[in-house]
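Quick notes on the structure that follows.
The values are calculated or read from the model by the stated rules, or taken from the named source; none is laboratory data. What you are looking at is a predicted structure, and each value in this text was computed from that prediction instead of being measured. Using ideal geometry, Cβ is built from the backbone for each residue, glycine included, and neighbour counts are taken over all protein chains shown.
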Amino acid sequence: MPSRKKTVPAAPPQKKAGDRRSYENPLTGRYGSPEMSYVFSPQFKFSTWRRLWVALAEGEKVLGLPITEAQLHEMRAHLDEINFEAAEAKEREIRHDVMSHVYAYGLQCPSAKGIIHLGATSAYVTDNTDLIQMKSGLELAAKKVVNVIAALANFAEDHGDLPTLAFTHFQAAQPTTVGKRACLWIQDLLMDLEIFERLRDELPFLGVKGTTGTQASFLELFDGNYQKVQRLEHIVAERMGFKRVLPVSGQTYTRKVDYQVLQSLSGLAQSAHKFANDLRLLAHLKEVEEPFEKGQVGSSAMAYKRNPMRAERMTGLARHLITLALDPAMTAAEQWFERTLDDSSNKRISVPEAFLCADVILETWLNVAQNLVVYPAVIEARLRAELPFIATENILMEAVKLGGDRQELHERIRVHSQAAAEAIKLHGKPNDLLDRIAGDKAFSKVKGRIGEIMDPARYIGLASEQTSDFLSQHVQPVLRGHRDWLGLTGEVSV
């Protein structure tokens, strides 16, 4: 038989950092910010494990176990100096990540190795670290949400009085203002911010629960002293920055916590997707666009194009983030009794990816919101093209006030409107509805007021006032309360 031509290059013998022949997750290698990437990095993870071991040993010492200050000092000295190679080599031998890092930490802390992880099970470091990572991730996401809100608030204030054609079903409807439309985006973000901050503040700590959540190993350590076991848990939680501890658990915290957190990130993705879709439609209409750099290429074939790549990136990542929320939902449903391990492999992917997706979305959103480009002339032209149809009710009311017959005038407007629409759709002619009405003797008394009636500001209702009130009463208090977070700039690396 003829030999088959190889279509896939041979894999490298060993993966190396920065190797272009290995898969690289675009959420970290292409898009993401260093801050969020660090929260889910091995350095952050294993340094947190060590901080948890120190907090546990400190609590046990306070409560009377024979742990010396010298041992604690030795452990504290190596919190961030992770000997990764030793841990990785040990894990290849014993196939257990936690015990591999207990061993590696012990190599650096020989006098303390006997009290590292004392009384604990693996979930003590893995689960509590997961919660710390999510708490930190929510804080970072909330900070970026505040900055996106600030950017959109500036945009809304600048364009709060600029009339624009509103759409229902993407069909022309009563006008609104550009700023009022932006307030719809901001309102969704305010809801997301509230949820992020509530979850961040209320996220529970697993605590020191033992292998099945009964705390039996710690009860043994303290010779059956129930109060000391409870005190240990609160000491550790407080030292790790948590106000709440789960009152009961199996070996792990309930996986519904992961679902609640990722559901909140899914909510952000929904807000971002709606904004980005709106912006893509506005770009098509040539009314509002995302920033487009001087040397940016919109298409490899069509040099004139200005594709909304940032908004499209947001929608693509938002879809992925929305679907990621299904992972912890299924994981929570699938847990057996006090624990199974089918959650671990899934959590390693779904939780970090959800936060990284949210981070990229927010970075991109901030970049767009701070640099939106508005084309008032195009906005006005489209509004005026549709305004004759929108203004017919006002023309009708004015004519009736001046003595006209409402039913007769309504019928004449209906006939003129259909004729004008037919001329536009079938023959590509401009909208001449006003000329038709002005030339109709039935409207002779109102003819001189048509220009006044056609002022777009007459048709925006309370859009300007709603924008001003919303910004002053609902947005500015939030921004003042988070003033220390303001000042970020959205970065789009590629």
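Filtering the stretch 285-341 down to residues that are of a type in the set (D, E) and surrounded by fewer than 13 Cβ atoms within 10 Å (Cβ to Cβ), which residue is modelled with the highest pLDDT? It would help to see each step written out before you state the result.
Of the residues in the stretch 285-341, the ones of a type in the set (D, E) are 287, 289-290, 293, 312, 327, 334, 338.
Restricting the remaining residues to those that are surrounded by fewer than 13 Cβ atoms within 10 Å (Cβ to Cβ) gives 293, 334.
Details: E293: 60, E334: 94.
Among those residues, the one meeting the criterion is E334.
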Please give the helices (runs of 4 or more DSSP H) falling wholly within the stretch 50-140 in which 3 or more residues are outside the structural domain of D343 (by TED's automatic domain parsing), more than 30 Å from Y259 (Cα to Cα) and among the charged types (D, E, K, R). 69-76, 84-94
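Yes or no, residue by residue, for (1) at pLDDT below 95; (2) β-branched (V, I, T); (3) out of contact with any Ser or Thr (no Cβ under 9 Å at 6 or more places or on another chain):
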position	(1), (2), (3)
G119	no, no, no
L131	no, no, yes
N147	no, no, no
D161	no, no, no
L165	no, no, no
T176	no, yes, no
I186	no, yes, yes
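Can you name every residue in the stretch 201-228 that is part of a loop (DSSP other than H, G, I, E, B) and in contact (Cβ under 8 Å) with a residue 40 or more places away in the chain? Quick ask: steps written out before the conclusion?
Quick first cut of the stretch 201-228, residues part of a loop (DSSP other than H, G, I, E, B) only: 203-204, 206-215, 222-225.
Scanning the stretch 201-228 gives L203, P204, L206, G207, V208, K209, G210, T211, T212, G213, F222.
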Which numbered condition in (1) without any contact (Cβ under 8 Å) to a residue 60 or more places away in the chain; (2) within 24 Å of the chain's Cα centre (by Cα) is the only one that S264 fails? (1)
State which residue is surrounded by the most Cβ atoms within 10 Å (Cβ to Cβ) when the search covers only the stretch 126-171 and only residues that are of a type in the set (S, T, Y) and under 30 Å from L285 (Cα atoms). T164
Search the stretch 132-143 for residues that are touching a residue at least 12 places away in the same chain (Cβ under 8 Å) and pair each with any residue that is assigned to a helix (DSSP H, G or I) and of a type in the set (F, W, Y) when their beta-carbon atoms are under 6 Å apart and the residues are at least 6 apart or on different chains. G137/F355; L138/F196; A141/F196; A142/F196; K143/W485
Before we move on, is R319 under 26 Å from G32 (Cβ atoms) and of a type in the set (K, R)? yes
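Yes/no per residue for (1) closer than 20 Å to V208 by Cα; (2) touching a residue at least 60 places away in the same chain (Cβ under 8 Å):
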site	(1), (2)
E58	yes, yes
V62	yes, yes
A87	no, no
K90	no, no
V98	yes, no
Q108	no, no
Spans of helices (runs of 4 or more DSSP H) in the stretch 403-494 with at least 2 residues surrounded by 14 or more Cβ atoms within 10 Å (Cβ to Cβ) and under 43 Å from the mean Cα position of the chain (by Cα): 463-470, 476-481
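What residue, of A112, A123, is surrounded by 21 or more Cβ atoms within 10 Å (Cβ to Cβ) and more than 35 Å from the chain's Cα centre (by Cα)?
Values: A123 fails: more than 35 Å from the chain's Cα centre (by Cα).
Among A112, A123, only A112 is surrounded by 21 or more Cβ atoms within 10 Å (Cβ to Cβ) and more than 35 Å from the chain's Cα centre (by Cα).
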Residues being buried (at least 19 other Cβ atoms within 10 Å of the Cβ) and closer than 30 Å to T164 by Cα: count how many of those fall in the stretch 191-226. 2
Of those in the stretch 439-493 that are out of contact with any Leu (no Cβ under 6 Å at 6 or more places or on another chain) and basic (K, R), the residue farthest from P388 (Cα to Cα) is R483
Out of all the residues in the stretch 441-456, which are acidic (D, E) and at pLDDT 85 or above? D455
Pairs only if they're at least six apart or on different chains, beta carbon under 6 angstrom, first in the stretch 247-260 and assigned to a helix (DSSP H, G or I), second of a type outside the set (D, E, K, R); list them, first residue then second. K256/A332; D258/P328; Y259/P328; Y259/A329; Y259/A332
